[in-house]
Amino acid sequence: MKVRLLHPERDEHCTSTLPPRLADLVEADLELGTVYTAMANGDDFLRGVAREVVLSSLEDPYIIEYRQNVLADCAANEEIVEQIYCITVDAGLAQRKIFLGGLLTRDPTSILRRAVSILEFLVENLKQLRTVRDAHSAAFQSDGFSQFWAMVRDQLDDAYLATLDDELAELELPRGTLLSAQIGQGNKGRQFRLHRSLRHRWWEKLTGSDHPGLGFTLDDRDQAGSEALSELAGRAINDAADAASQAADHIQGFFARLRFELGFYLSCLNLQHRLDRLGVPTCYPTPAPLGSLQWRFNELRDIALCLTTKNPVVGNTVAADGMRLVVVTGANEGGKSTFLRSLGAAQMMLQAGMFVPAESFTASVTAGVYTHFKREEDATMTHGKLDEELARMSAIADAIRPNCLLLCNESFASTSEREGSQIGRGVIDALTTASIGVVSVTHMFDLARSLYDRRDPGYLFLRAERRDDSTRTYRLAPAAPEPTSHGLDSFARVFGEPVRSTVGR
């Protein structure tokens, strides 16, 4: 039985597209932990699912849209999906609920008895799933759920469920153990086989007639004989016990997979409800093919900021189709870093098959999102800031590949502007030449102006807006770099007065 709600052709085993250390940096830089917390809504399992799926970015627009449609189905039928999810949670508790003692026993009879009890418990869960399917499958429209419900219909039909009940009843050995064996070398038994118990006809039960055969009766005090018979029965039961245990593991694996995949969609709904309460608009983004350089959006917001501030968050509208490089400059505290985070988080959410906090969003899928944000001074004093920045960029260079996206926030600002600009140009030129998209927030006018002067049609320059009265709109607009970041505005805001020049005194 396959779930296939995350992928149309297989049960998707989500693995991060980034090396673990770089994945941790991306999560920290984009503040994805805040997003996971909102998705979890207090459930540690859902948090783990959300993280696992978000970090395993999809590169196929078809599969992204497949997930979006399943998510839309979940949103339209949330109570039903929660009902299914509760069934999966209950199935996951089968091992705990079925306690017959001796969990570590090697006795085949005990193993069989426990496996059968677990299977009986799980079969009831399968019947509950079938009941939900019969009552509600028509309400689902997505290809993912249509395929899932068809699987439930075909593999859990009445005949199959009745057969399961009969087989489990037989495995309880209600009429004792019927086995056969052969005598092997040294008069040792071999080829022990468990058989179905003989069913007595009704007249045999009335008359006491039975099949002819030889037999014997053990004395109640014959412990050695009892142990010998138990050993013989155990050798016949062993294969059945193994098969029953494997069957229980298979069904539990199915329910665990179903819980994981539904858990992702329910975590998305938790996030959606939170954003709805905050009045943040969302949309299902349009994924474009890998390498197509499509990038445009309306009123895109930083989702982490939306989840942590009580104030309305300003969105940004940008058209960047065909751009290999986007350079963001402008006033301090003008929303540049916030914009960069909003872009990275939205790209990650798009490639997970989620909605994004925007009125519209279209973007090419990437082969991976990487970040290179400024860091605080190394507390251990092992490395200088520039050494640390270069080491991180080296690790990124080792892992990044064509059609990836790199987000840089004040990279190489730890050295002089001249050196930082020189390093930045070298990195940007190498990456863009290798078909890697770059979005760079920088205060280094030398770097920004030198790139602007190239007049490359594949470069876009955005600047954080600043009004004449020094207030910030937190919006970005296409504009050439300026030689100032208006740091005096920040000074005046903190100290309450403008800086007075002391030159010539």
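Please treat every number below as a calculation from the coordinates, not as lab data. Just so we're clear, the structure is a prediction, and the values are computed from it rather than from any experiment. All Cβ positions, even for glycine, are placed from backbone atoms using ideal geometry, and neighbour counts span all protein chains on display.
Which shape class, rounded, prolate or oblate, goes with segment 283-495 when its Cα gyration tensor gives a ≥ b ≥ c as root eigenvalues, a/c under 1.5 marks rounded, and past that a/b bigger than b/c marks prolate? It comes out rounded by the Cα gyration axes.
Segment 295-330: which trypsin sites (Lys or Arg not before Pro) are DSSP loop and have at most 14 other beta-carbon atoms within 10 angstrom? Spell out each step's value before the answer.
On the way: sites: R296, R301, K310, R324; in loops: R301, K310, R324.
For trypsin sites (Lys or Arg not before Pro) across segment 295-330 that sit outside H, G, I, E and B with at most 14 neighbouring Cβ atoms in 10 Å, the list reads K310.
Remark on R475: its backbone amide H falls under 5 Å from those of E465, a criterion applied only to residues 5 or more positions apart or on other chains, H modelled at 1.01 Å from N.
Percent of Cα pairs in segment 30-147 per distance bin of 5 Å, from zero to the largest separation: 2, 9, 13, 15, 16, 15, 12, 8, 7, 4, 0. By the beta-carbon count within 10 Å of each Cβ, the least crowded to most crowded order of D398, D43, fewest first, is D398, D43.
Put in order of Cβ neighbour count within 10 Å, fewest first, the listed residues Y474, Y160 become Y160, Y474.
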